[in-house]
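A short worksheet on the structure shown next.
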Amino acid sequence: LDMEFTGLHSTSLQNNKPSLFDSPAEQYVKARQSVQRFTLVQLGLAIFSKENSNKYVVHSYNFFLFPSTLGIRDVEFTLSASSIQFLSHYGFDYNKFLKDGIPYMNEVQEKILRQQLLAGTWKFCSTSNADKDVLKKAIDEVTSWIAAAKEEDTMILQDLNGYHVLEVQLVLRQALENVWTEPLGDKKVMVKKVSPEHRQLLENSSYDRCQKKLILLSARGFTNLFQILVKAKKPLVGHNMLMDLMHLHDKFYRPLPESYEEFKRNIHSLFPVIIDTKTVIKSVQKKCLFPRVSSLLEAYTVLCSSNLNPKGPPCPVIALASVCSRYAEKKSPHEAGYDAFLCGSVLLMSAHLLLCRSADDAVEADPSFSQYLTVLSEHVNKVNFIRGGVSSINFSGEDTPCRHPPALIVHVRGWPGMTEREIYQEFKSRCRFDVRRLAENQFILLSNQYKQLVLRDYRHHPHLQVSVYRHWRHSPSVNCVLQISGIVALWSLLAFALGGTSRC
């Protein structure tokens with residue numbers, strides 16, 4: 001699975017970027033705010049099917065998605081200029097997203113639409129001039145034609161897109177009691193002149209495409225496929241997939257809960273087996289002398305080209321189905337269907353490599369997928385966590401804190417009004433630190449890794465003193481307790497001394 005979005009982290013929200021100081025729950029709150037503001041524009045799904053031999057055949061699909069505009073309140077979403085520019089650079093087709101995007105809705109939105117359909121109060125949210133023009137043109141054509149038409153005569157309305165096919169039919173049926181409509185493919189509608197009696201018979205027919213249950217099915221769009229995936233309970237594979245899972249929950253299941261733990265439980269219930277290739281690649285790098293890579297495509301390229309397993313049996317053959325051959329002929333990075341294909345391929349090749357390295361005996365020439373799952377067991381349901389208090393989110397248990405290097409504390413002297421941003425600018429050339437103010441003239445620096453040179457370089461700095469942070473020594477709360485304890489002890493001593501003097 002892979003997704004592309006209209007944005008990742010909202011810059012309009014203060015302190016919304018991931019930080020090493022964040023707990024998983026704190027970072028979830030930040031990510032939840034961004035997921036609620038942005039939407040997904042494309043979802044890629046690659047289905048890997050094992051054949052009799054050591055071969056997997058892949059069917060990879062691209063789905064352009066657009067929020068449903070039927071019945072529910074008009075959906076608003078934000079665009080990030082950098083994200084839009086990034087996707088444009090890789091040839092993303094925004095016309096397909098806007099004009100032909102498949103609708104979707106979550107359970108809350110579906111419940112509202114279902115109630116409106118039963119009450120007959122639903123309507124389309126599309127109010128653009130373009131939509132109104134399409135509707136007006138169709139109505140004008142039919143009203144001009146029907147005056148001279150005879151019963152059973154037909155006409156065809158053409159060049160209709162998306163919901164226009166449904167909307168035109170419903171409006172015409174409501175306005176004219178002697179017409180019947182049927183869709184012809186995706187962009188045409190057949191209009192027939194009928195008697196009111198014939199119309200009533202047709203409305204009660206099970207073949208009517210405008211029945212309420214079929215309208216609901218159409219409005220649900222991609223959500224129908226999402227629910228099939230949930231029922232299948234197949235292993236779900238992604239790369240750096242926390243945001244993907246959050247959008248899956250929010251857009252197709254239910255609005256994201258406020259509780260981080262509830263989110264974890266929901267996702268684990270929907271998809272009991274999740275594998276993030278980002279965490280798998282980290283393991284391969286440690287165990288197999290795998291070179292450092294910065295992207296999914298780089299990992300795929302290295303696994304395909306390098307002889308990382310010269311003695312073991314060859315990796316399984318991964319072949320794209322004939323209808324998906326474009327990906328075999330041309331790389332298409334950041335196209336969701338292609339990246340989904342890369343995810344599954346990287347998983348299989350990495351699992352094969354780990355299996356060969358971990359097995360005491362010779363690995364059979366045709367390992368089963370269950371053997372791959374066994375060797376990947378430590379990574380199952382562990383999703384990569386970007387810059388935070390844990391290295392990965394465990395969707396089937398407790399999160400394990402990660403081990404950062406000791407935090408540093410910076411004492412500022414002679415530079416009044418120093419800000420976190422200015423401290424960050426000062427140290428960013430030496431290492432990527434996250435900065436948090438501790439007191440008026442004290443700041444904590446936290447990094448995934450830093451060199452001791454930082455401490456050495458600032459040993460004789462005239463304004464900045466850098467040392468290793470010690471909680472018992474530098475924490476304001478600990479200092480406060482020590483000061484209170486000291487005062488209490490002093491008063492106790494004085495009371496004891498004064499009490500002893502009076503007795504004398």
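The values are calculated or read from the model by the stated rules, or taken from the named source; none is laboratory data. Remember, it's a predicted structure, so these values are computed and weren't measured experimentally. Counting neighbours? That spans all protein chains shown, and the Cβs are built from the backbone with ideal geometry, glycine included. Please note that ligands, DNA and RNA were not included when accessible areas were found on the heavy atoms of the full protein model with its side chains. Shrake-Rupley method; radii C 1.70, N 1.55, O 1.52, S 1.80 Å.
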(request) Express the accessible area of region 408-468 per residue in Å², computed with a 1.4 Å probe while the remaining protein chains stay in the model. (result) 63 Å²
(message) Using the basic label-point model (7 angstrom from Cα toward the beta carbon), what is the E76 to Y61 distance in nanometres?
(response) 3.3 nm
(request) With a/c under 1.5 counting as rounded, go ahead and sort region 408-468 into rounded, prolate or oblate using the C-alpha gyration tensor (a ≥ b ≥ c being the square roots of the eigenvalues; past the cut-off, prolate if a/b is larger than b/c, else oblate). (result) oblate
(message) Can you give me the distance in nm between label points at Q158 and A328, each placed 7 Å from the Cα along the Cα-to-Cβ direction?
(response) 3.7 nm
(request) Output the relative contact order of the chain, whole-number percent, from Cα pairs under 8 angstrom with separation of 6+ residues. (result) 17 percent
(message) Under the rule a/c < 1.5 gives rounded, and otherwise a/b versus b/c splits prolate from oblate, where does the chain land using the Cα gyration tensor?
(response) prolate
(request) Grab the beta carbon distance between E298 and T419, set R0 = 45 Å, and tell me the FRET efficiency rounded to 0.05. (result) 0.75
(request) Keeping all protein chains in place, calculate the accessible area per residue for region 94-242 (probe 1.4 angstrom), answer in Å². (result) 58 Å²
(request) Mind grabbing the accessible area of Y469 for me, 1.4 Å probe, Å², rounded to tens? (result) 50 Å²
(message) How high is the relative contact order of region 299-396? Use alpha-carbon pairs under 8 Å, at least six apart in sequence, and give a whole percent.
(response) 25 percent
(message) Tell me the carbon and sulfur percent of the accessible area for the chain, rounded to whole percent, probe radius 1.4 Å.
(response) 53 percent
